[in-house]
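Novice: Have a look at this one.
The values are calculated or read from the model by the stated rules, or taken from the named source; none is laboratory data. Note that the structure is predicted; figures quoted are calculated from it, not measured. Here the Cβ is made from the backbone with ideal geometry for all residues, glycine too, and neighbour counts use every protein chain on show.
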Amino acid sequence: MRRRCGVLGDPIAHSLSPVLHRAAYAELGLDWGYDAHRVASGGLPAFLAGLDGSWRGLSLTMPLKREVLPLVDLLTDRARLAGAVNTVVLDDDGSRLGDNTDLPGAAAAVRERTSAPLASAAILGGGATATSVGLALADLGVRRIELLVRDASRAAETVQALGAHPDGVEVRTSPLDAGDEVVADVVVATIPAAAQTAALVARCAGVPVVFEALYDPWPTPLAASALSAPGDRVLVGGLDLLVHQAALQLELFTGLPAPVEVMRRAGEQALAGRHGS
């Protein structure tokens, strides 16, 4: 039986996940399929109900990472801590395991680019991605996290999840449009590129490590600022995160070690093709 996997979300047409997973399957000699499926908020139960025994795994993006929680049979500790699932492993007995590879993927992406000690972080945005990356940074030693958000009430789940990290993390929220300088060891952007105003980018100019969770469009204003900065300012890109979390997903789906560099090159080539470079 030919195995099937896929990425679900809305919007989904931009996703590079099919490119990465298909490249890995080809490298591993697997005749597996992996496609993108547009599933809007509220549509996940019906999609899951229609899957047959050929399905092995699902990658989830917004708005499904939290909606899937009551639809899985088991949760890993990291998915439970994050309150979000980006990976569903479909077992042959019909059971569903919910995991979150964004956490170890984000940690791996950061450590691939820098070994500097990190004690404090500023995160732009307060959704599921902010939660996952924040928890990953806590795993790396960050103990103070500031969430810069438009509406603090909408970040309540993220504040609760970060504050529940077993190592103890101080979490506070601040207005995204405040005028003060952002002071931290690392700044993480989980907001759209259009929301990265010149004033906001300027406020982040003194932060030595920039983690931009987006990979398309690229570079975002914050990423462009880091790339053009003199000295040794570090940039962790959305493709770094995507590759590392996808590699972990692939290993969960297939039981085989992921060809990380093959996946990275496939992603780089796909992005270059989109941008005509």
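Novice: Looking at the stretch 214-226, which of its residues are among the hydrophobic types (A, V, I, L, M, F, W, C) and out of contact with any strand residue (DSSP E or B) (no Cβ under 6 Å at 6 or more places or on another chain)?
Specialist: Scanning the stretch 214-226 gives Leu214, Trp218, Ala224.
Novice: If you don't mind, another one. For residues in the stretch 151-163 being assigned to a helix (DSSP H, G or I) and not aliphatic (A, V, I, L, M), which is surrounded by the fewest Cβ atoms within 10 Å (Cβ to Cβ)?
Specialist: Across the stretch 151-163, the extreme among qualifying residues is Ser153.
Novice: Enumerate the pairs (first residue in the stretch 67-91 and assigned to a loop (DSSP other than H, G, I, E, B); second residue anywhere and surrounded by fewer than 20 Cβ atoms within 10 Å (Cβ to Cβ) and of a type in the set (S, T, N, Q)) with beta-carbon separation below 7 Å, excluding pairs fewer than 6 apart on the same chain, so at least 6 apart or on different chains.
Specialist: That search, which allows pairs on different chains as well, returns Glu67/Ser41; Asp73/Ser95.
Novice: Can you pull out the residues in the stretch 1-22 that are assigned to a loop (DSSP other than H, G, I, E, B) and closer than 12 Å to Gly33 by Cβ?
Specialist: Those that are assigned to a loop (DSSP other than H, G, I, E, B) and closer than 12 Å to Gly33 by Cβ: Met1, Arg2, Arg3.
Novice: Could you say which residue among Ala199, Ala226 is in a helix (DSSP H, G or I), assigned by TED's automatic domain parsing to the domain that holds Leu124 and in contact with a Lys or Arg (Cβ under 7 Å, 6 or more places away or on another chain)?
Specialist: Only one candidate qualifies: Ala226.
Novice: Name the residues in the stretch 5-41 that are without any contact (Cβ under 8 Å) to a residue 24 or more places away in the chain and closer than 22 Å to Pro217 by Cβ, would you?
Specialist: Passing the criteria: only Pro18.
Novice: While we're here: Checking Pro166 against (1) surrounded by fewer than 19 Cβ atoms within 10 Å (Cβ to Cβ); (2) outside any loop (DSSP other than H, G, I, E, B), which single condition isn't satisfied?
Specialist: The one condition Pro166 does not meet is (2).
Novice: Run down Leu148, Leu135, Leu97 and say which single residue is in a strand (DSSP E or B), modelled with pLDDT of 95 or more and under 22 Å from Val72 (Cβ atoms).
Specialist: Unique residue meeting the criteria: Leu97.
Novice: If you don't mind, another one. Any residue that is farther than 20 Å from Leu103 by Cα and of a type in the set (A, V, I, L, M, F, W, C) - is there at least one of those in the stretch 241-252?
Specialist: Within the stretch 241-252, not a single residue is farther than 20 Å from Leu103 by Cα and of a type in the set (A, V, I, L, M, F, W, C).
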